[in-house]
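For reference, the structure discussed in these notes is given below.
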Ligand SMILES: Cc1cc2nc3c(=O)[nH]c(=O)nc-3n(C[C@H](O)[C@H](O)[C@H](O)COP(=O)(O)O)c2cc1C
């Protein structure tokens, strides 16, 4: 099963790396995508080393003119993990100014699109983010809850990314239905 694993710029990137590692060990084919901000949290070498594949990050990548469409077409499951407030709000507005935005618009939800939010409590509870999550869900995306807990910013509340194992189990369940 092919997973398009999209990273955005969240401190929870290390948890998403654990999930990528578990998926590769379980023989999933994982293609990573990263925003510019995601590379502030996880290195290209880490993503490429974990998956043994080049990470896609540019719409205008020399030699890969159709990545902004074909990466979604080739995948069986699309993950946005960790999903930042910024990317969630951009997707809900249909903004396609990066690879993740163009891939989102090039997908019609016939294949699953899962969003795993990770952010500060205020960002998560902000009406802009909550409205965007509702919109994405209404369009057909699956939105994972966050867990309550102590966040990197020191606050205690919602917005903390679920544990990688929980997402892994859901992926295994999905695989079982195919
Ligand atoms: C140390 C640090 C941690 C951050 N963690 C998060 C986070 O967990 N979730 C989030 O939504 N934004 C977080 N941000 C802010 C995003 O990186 C910022 O909004 C960025 O523009 C997101 O870009 P992207 O959605 O294109 O990846 C963090 C910023 C810093 C400096």
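Every read-out reported here was derived from the displayed coordinates using simple, explicitly stated rules and does not represent laboratory data. Computed from a predicted model, the values in this text were never measured in an experiment. Positions of Cβ are backbone-derived with ideal geometry, glycine not excepted, and every protein chain shown enters the neighbour counts.
The table for this structure:
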| quantity | calculated |
| --- | --- |
| Protection proxy ranking of 68-81, 142-155 - average other beta-carbon atoms within 10 Å, highest first | 68-81, 142-155 |
| At 0.890 mPa s and 25 °C, Stokes diffusion of region 57-121 via Kirkwood alpha-carbon radius, µm² per second | 199 µm²/s |
| Computed E for residue 95/residue 44 - FRET, C-beta separation, R0 30 angstrom, nearest 0.05 | 0.80 |
| Computed lengthening from residue 22 to residue 70, 0.36 nm per intervening residue step minus Cα-Cα distance | 14.8 nm |
| Per-pair calculated FRET efficiency, R0 = 35 Å: residue 37 and residue 156 via Cβ, rounded to 0.05 | 0.90 |
| Packing-based order for 170-178, 127-135, using average beta carbon neighbours within 10 Å, highest first | 127-135, 170-178 |
| Spatial separation of Cα centroids for region 50-110 and region 1-48, in angstrom | 13 Å |
| Value of Rg to Rh for region 22-98 (Rh from inverse mean 1/r over Cα pairs, i.e. Kirkwood) | 0.94 |
| Extension reserve of the residue 58-residue 86 stretch, reckoned as 0.36 nm per residue once the Cα distance is removed | 8.3 nm |
| Antiparallel DSSP beta bridges within region 25-178, as percent of all bridges there, nearest 5 | 30 percent |
| Cα Rg over Rh - region 7-176, Kirkwood | 0.93 |
